[in-house]
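**Student:** What follows is a single structure, and I will ask about it in a moment.
The values are calculated or read from the model by the stated rules, or taken from the named source; none is laboratory data. Given the structure is predicted, the values throughout are model-derived calculations rather than measurements. Here the Cβ is made from the backbone with ideal geometry for all residues, glycine too, and neighbour counts use every protein chain on show. Accessible surface areas use protein heavy atoms only, side chains included; no ligands, DNA or RNA. Shrake-Rupley method; radii C 1.70, N 1.55, O 1.52, S 1.80 Å.
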Amino acid sequence: MKVIHLTDIHLTRSREQKIFDVNPYDNFDFVCEEILRIKSIIEIELIIVSGDISNDGEVDSYRYFLNKMESLNLPYLAILGNHDLKNNFDIALAEEKTKYIINSNEYNNRIWHFISVDTVVAGEDHGLISQDTLVELERKIIANSHYNIALFMHHHAIPVGTPIVDNCMLNNSKELLELCEKYQVKFIGSGHAHTSRIWHHNTMTTCVAPAVVFQWLPGTETVKISKGFGFNVIDFSFDLSVTSCIY
């Protein structure tokens, strides 16, 4: 099965508002057109969006997001990030007619089981998985141990080598990685870092998808961006592979 992984769209209060001279609406529109083009060539089963859908948590930005996602006619999981406001997302979700969003935050086919993990700490840039969430995650992994397990979340668990984002990554990543090692989780996907990276360790692949809005300049400690943007296409076959589509 093939999955498209989007992250860090950062839709602003209005279409006219840019971030570092980048229009996130233009990038998101382009990415949605690319998804339509790709799905006409290969079969895409699922889209996963791993947070920072909105830059300011505005209800209108979530309305725009949901309408665009629904137009793709593909099931999708929407995970929130540190820039998002859950109450406002829920308002938009209640107002819009949605057919394809997966509200259970889990998805499976006959081989893979996908679980979204909440890493957001209200009012903070860094991430943390609460102890209650870790316990529930372990329960879900055990209950679905007959599947290959893939986790998706907002904050990255392994440093990408760019201090501006590594300073606010997942704080308890060691606990998560030990849990994943214990139960032989096959894949962890995240965003937040505005950087494309892939690691392979034993049988697990850990992957940070490129941001839809912009990338940080690799290695930067201050606000310096690269205007490239994109997303990942992940092939969850026996030989798992990740293709980063950068524009």
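**Student:** Within the range 229-245, how many residues are among the hydroxyl-bearing types (S, T, Y) and touching an Asp or Glu at 6+ places or on another chain (Cβ under 8 Å)?
**Tutor:** So the answer is 2.
**Student:** Next up: Please indicate, with yes or no, whether at least one residue in the range 197-205 is in a loop (DSSP other than H, G, I, E, B) and either of a type in the set (D, E) or under 30 Å from D29 (Cβ atoms) (or both).
**Tutor:** No, the range 197-205 has no match at all.
**Student:** Out of H113, H126, I need the residue that is out of contact with any Cys (no Cβ under 7 Å at 6 or more places or on another chain) and at negative phi. Which one?
**Tutor:** Values: H126 fails: out of contact with any Cys (no Cβ under 7 Å at 6 or more places or on another chain).
Within the list H113, H126, the selection yields H113.
**Student:** Name every residue in the range 128-140 that is of a type in the set (V, I, T) and open to solvent by less than 20 Å² (accessible area, probe 1.4 Å), in order of residue number.
**Tutor:** I129
**Student:** Closer than 29 Å to E138 by Cα and in contact with a strand residue (DSSP E or B) (Cβ under 7 Å, 6 or more places away or on another chain): is that true of D166 in this structure?
**Tutor:** Taking the combined requirement at face value, the residue does not satisfy it.
**Student:** State all residues of the range 163-184 that are within 15 Å of T133 (Cβ to Cβ) and open to solvent by less than 10 Å² (accessible area, probe 1.4 Å); if no residue qualifies, say none.
**Tutor:** Passing the criteria: L170, L176, C180.
**Student:** Only one of N27, N82 is touching a residue at least 12 places away in the same chain (Cβ under 8 Å) and over 30 Å from N144 (Cα atoms); which?
**Tutor:** Answer to the check: N27.
**Student:** I want to confirm something. Restricting to the range 192-243 and keeping residues that are crowded, with 17+ Cβ neighbours inside 10 Å and in contact with a Pro (Cβ under 6 Å, 6 or more places away or on another chain), which single residue is farthest from E43 (Cα to Cα)?
**Tutor:** The residue in question is V213.
**Student:** Going through the range 196-247 one residue at a time, which ones are closer than 13 Å to V160 by Cβ, under 19 Å from the mean Cα position of the chain (by Cα) and among the small types (G, A, S)?
**Tutor:** S196, A209, A211, listed by residue number.
**Student:** Just to check your reading of the model, which residue among S130, S145, S104, S71 is out of contact with any strand residue (DSSP E or B) (no Cβ under 8 Å at 6 or more places or on another chain), of a type in the set (G, A, S) and at pLDDT below 95?
**Tutor:** Exactly one of S130, S145, S104, S71 is out of contact with any strand residue (DSSP E or B) (no Cβ under 8 Å at 6 or more places or on another chain), of a type in the set (G, A, S) and at pLDDT below 95, namely S104.
**Student:** For the range 30-76, give me the residue count where each residue is open to solvent by 10 Å² or more (accessible area, probe 1.4 Å), not hydroxyl-bearing (S, T, Y) and not in a loop (DSSP other than H, G, I, E, B).
**Tutor:** Of the residues in that region, 13 qualify.
**Student:** Please count how many residues of the range 141-162 are open to solvent by less than 40 Å² (accessible area, probe 1.4 Å) and assigned to a helix (DSSP H, G or I).
**Tutor:** Going through the range 141-162 one residue at a time, the tally reaches 1.
**Student:** For residues that are in contact with a strand residue (DSSP E or B) (Cβ under 6 Å, 6 or more places away or on another chain) and either open to solvent by less than 10 Å² (accessible area, probe 1.4 Å) or among the acidic types (D, E) (or both), tally how many sit in the range 115-127. Please lay out each step first, then the result.
**Tutor:** We begin by selecting, within the range 115-127, every residue in contact with a strand residue (DSSP E or B) (Cβ under 6 Å, 6 or more places away or on another chain); these are 115-117, 119, 127.
Checking which are either open to solvent by less than 10 Å² (accessible area, probe 1.4 Å) or among the acidic types (D, E) (or both) leaves us with 115, 117, 119, 127.
Residues that pass the stated criteria total 4.
**Student:** Say whether the condition of being hydrophobic (A, V, I, L, M, F, W, C) and in a loop (DSSP other than H, G, I, E, B) is met by at least one residue in the range 171-181.
**Tutor:** Scanning the range 171-181, I find no residue that is hydrophobic (A, V, I, L, M, F, W, C) and in a loop (DSSP other than H, G, I, E, B), so the answer is no.
**Student:** Let me ask something else. Counting only residues that are surrounded by fewer than 18 Cβ atoms within 10 Å (Cβ to Cβ) and hydroxyl-bearing (S, T, Y), which one in the range 83-114 is farthest from V3 (Cα to Cα)?
**Tutor:** It comes out as T98.
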